[in-house]
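The block underneath contains the structure these notes are about, expressed in structure tokens.
The values are calculated or read from the model by the stated rules, or taken from the named source; none is laboratory data. Since the model is a prediction, treat every value here as computed from it, not as a measurement. Neighbour counts are summed over all protein chains in view; Cβ atoms, including those assigned to glycine, are modelled from backbone coordinates with ideal geometry.
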Amino acid sequence: MADNEKIIEIEVLRYRPEQDKEPVPQIYKVPFTDDMSVLQGLQYIKDFLDESVSFRWSCRMAICGSCGMMIDGKPKLSCKTFLREYYPGGLRVEALMHLPIERDLIVDATDFITKLESIKPYIIPKEERKLEQGEYLQTPQQRDMYEQFSSCINCMLCYAACPQYGLNPKFTGPGILALMHRYNADSRDGGQAERLGLGYADEGFWGCTAVGYCSEVCPKGVDPANAINQNKMNSAINYFTRFITPGGADK
Amino acid sequence: MSARRPYVRSMDGWWKRDPYFIRYMAREVTAVFVALYAVVLLFGVVRLSQGEAAFNGWLQYLKTPWMLVFHLIVLAVFCYHTWSWFNIMPKTMPIMFVGGKRVQPGTITGTGLAASVIACLAVLFIVGGMS
Amino acid sequence: MKRSNEPIFWSLFGAGGMLAALIGPALVFITGIAVPFGLFFKPDTMSYAHMLAFSQNWAGKLVLLAVIALFLWHAAHRIHILLHDFGVHAVTAVRVLCYGGAFAGTVIAAYALLMIKA
């Protein structure tokens, strides 16, 4: 036994569809040191206490977006959250909120992935471009218009934060709308019209009620609340002027 | 045959789960008081159109203790509305640059709150001047 | 995907919210606290004679209508969302109640103001 070994209680919300009718909490006593993340705590559980505990992880350095979960009721990346913060009281971990639990700490991300594909997350050039024309040129200010929104790591913490998504899964949601804005705001892109059909719908920007918790929990500072809400003004202006601007009316 | 059985959790009482959500609900609930105040003014305008006796009745009603308590509460709520309105306003603005520097959210909130102070003082002076 | 009609209600919500944020506290203080209880302002500031004169001209009518109507439309939109947030599922009934209420209030205010002849 190491000197001054500290033990912390991690309560994991278990769910094994083949045996559990509904999720059930299970407490594990985990020895830890101050440099250990919650992810490392879970890995200790899996390696030494209970091999059946299931959770996603990969890079363990807050860039892959795999390890999102609810830690004491707040959406966080487990690799970026430290056990020492919850000592001696202990902590509860649960699968990301507002998404169906597949097993233990693993959520069903199908809805997120489907929606991700639906917003055309790639540069749609304004016009045909030949190789001889060379690279696009962009001023620092032009890049500032979209750069923070390109930092998204698809971790879905914002979906766990967003009550509107929880209340209505048809809502496209913060992360994906932020990504839509990332492309719409890029000076190299000409695909706004194709994307805004979704953006200007109830399931698009208008599903947001500016709770703002998504931006609070984002580990990369994307600020999806801003990406979405700055589009409401454009959407409203477009709504009222569409019949008097060329090509503005819906087909 | 799949062994999958995804579990969907209830959204009941979601807003009680985090202080952030409670603050959001408090912000939204201010609308109830905005509506109540507008209804009081609406009564005033209707009574005004019904003549002096009717309007004086409304003025008398404003002097009752309950209406004073009501308006004190409404005043506090309106102040919270102003505060929360300009706090969320930066999120509704596009990214802006002044003199090559990016405009910070705090600047937008501060400007809005300052505008509110100036506007309220202006109203107070205009009404004071008119009476 | 079908274009949302939210812009109509959101614009009214925004106008009412901005108005309330800018001058709401002053209005509440004047009409509900200061004048009725004789603080700072002359006690006859809101007398029948004064308010009649104010509302007899079109600018006065517009100011009164704007404050009442925009406050009601701001509240209607937010309360509609609030009920949705509380889990009330009767979507159409909630919309009719909220926006219908704001509409009714606007009409009543406009009618009352039009009844005030110069």
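Hey, any hits in the stretch B:105-125 for a residue that's part of a helix (DSSP H, G or I) and within 23 Å of C:GLY105 (Cα to Cα)?
Within the stretch B:105-125, none of the residues are part of a helix (DSSP H, G or I) and within 23 Å of C:GLY105 (Cα to Cα).
Which one is farthest from C:ALA26 (Cα to Cα), of the residues in the stretch B:89-104 that are assigned to a helix (DSSP H, G or I) and not polar (S, T, N, Q)?
Step by step, filter the stretch B:89-104, then rank; the result is B:LYS91.
Considering each of B:PHE70, B:PHE86, B:PHE78 in turn, give the residue that is touching a Leu at 6+ places or on another chain (Cβ under 6 Å) and at pLDDT 95 or above.
Values: B:PHE70 fails: touching a Leu at 6+ places or on another chain (Cβ under 6 Å); B:PHE78 fails: touching a Leu at 6+ places or on another chain (Cβ under 6 Å).
Checking each option against the conditions leaves just B:PHE86.
May I ask you to verify whether C:LEU62 is closer than 26 Å to B:THR109 by Cβ and surrounded by fewer than 21 Cβ atoms within 10 Å (Cβ to Cβ)?
So C:LEU62 does not fit the description; no.
Within the stretch A:212-231, does at least one residue satisfy the condition of being aliphatic (A, V, I, L, M), part of a loop (DSSP other than H, G, I, E, B) and touching a residue at least 12 places away in the same chain (Cβ under 8 Å)? Let's see the steps before the verdict.
Taking the stretch A:212-231 first, the residues aliphatic (A, V, I, L, M) are A:217, A:222, A:225, A:227-228.
Now narrow it down to the ones that are part of a loop (DSSP other than H, G, I, E, B): A:222.
This time we only want the ones that are touching a residue at least 12 places away in the same chain (Cβ under 8 Å), so: A:222.
Yes, because at least one residue in the stretch A:212-231 is aliphatic (A, V, I, L, M), part of a loop (DSSP other than H, G, I, E, B) and touching a residue at least 12 places away in the same chain (Cβ under 8 Å).
Out of B:ARG27, B:ARG17, B:ARG47, B:ARG5, I need the residue that is of a type in the set (D, E, K, R), crowded, with 18+ Cβ neighbours inside 10 Å and more than 17 Å from C:PRO25 (Cβ to Cβ). Which one? Can you show your working first?
Numbers: B:ARG27 fails: more than 17 Å from C:PRO25 (Cβ to Cβ); B:ARG17 fails: crowded, with 18+ Cβ neighbours inside 10 Å; B:ARG5 fails: crowded, with 18+ Cβ neighbours inside 10 Å.
One residue alone meets the criteria, B:ARG47.
In the stretch B:55-94, what count of residues is obtained for those that are within 22 Å of C:ARG78 (Cα to Cα), of a type in the set (Lys, Arg) and at the interface with chain C (Cβ under 7 Å from one of its Cβ atoms)?
0
Name every residue in the stretch B:97-119 that is free of Cβ contacts under 8 Å to residues at least 24 places away in the same chain, closer than 16 Å to B:CYS79 by Cβ and of a type in the set (S, T, N, Q), in order of residue number.
Within the stretch B:97-119, B:THR109 is the sole residue that qualifies.
Mind telling me which of the residues A:LEU177, A:LEU196 ends up being over 25 Å from A:GLY65 (Cα atoms), out of contact with any His (no Cβ under 7 Å at 6 or more places or on another chain) and of a type in the set (A, V, I, L, M)?
A:LEU196
Given the residues A:GLU127, A:GLU194, A:GLU216, A:GLU135, which is the only one that is closer than 30 Å to A:TYR15 by Cβ and surrounded by fewer than 20 Cβ atoms within 10 Å (Cβ to Cβ)?
Working: A:GLU127 fails: closer than 30 Å to A:TYR15 by Cβ; A:GLU194 fails: closer than 30 Å to A:TYR15 by Cβ; A:GLU135 fails: closer than 30 Å to A:TYR15 by Cβ.
Exactly one of A:GLU127, A:GLU194, A:GLU216, A:GLU135 is closer than 30 Å to A:TYR15 by Cβ and surrounded by fewer than 20 Cβ atoms within 10 Å (Cβ to Cβ), namely A:GLU216.
Consider the stretch A:160-178. How many of its residues are within 17 Å of A:THR110 (Cα to Cα) and assigned to a helix (DSSP H, G or I)?
Looking only at that region, the number is 7.
Residues in the stretch B:95-106: is at least one more than 9 Å from chain C (Cβ to nearest Cβ) and either under 28 Å from B:VAL40 (Cα atoms) or polar (S, T, N, Q) (or both)?
yes
So for the stretch C:99-107 (the condition being surrounded by 14 or more Cβ atoms within 10 Å (Cβ to Cβ), more than 25 Å from B:VAL123 (Cα to Cα), of a type outside the set (Lys, Arg) and out of contact with any helix residue (DSSP H, G or I) (no Cβ under 8 Å at 6 or more places or on another chain)), does at least one residue qualify?
yes
Residues in the stretch C:5-55 that are outside any helix (DSSP H, G or I) and surrounded by 21 or more Cβ atoms within 10 Å (Cβ to Cβ): how many?
3
Look at the stretch A:232-251 and say how many of its residues are in a helix (DSSP H, G or I), more than 26 Å from A:ALA161 (Cα to Cα) and either among the charged types (D, E, K, R) or touching a residue at least 12 places away in the same chain (Cβ under 8 Å) (or both).
Of the residues in that region, 2 qualify.
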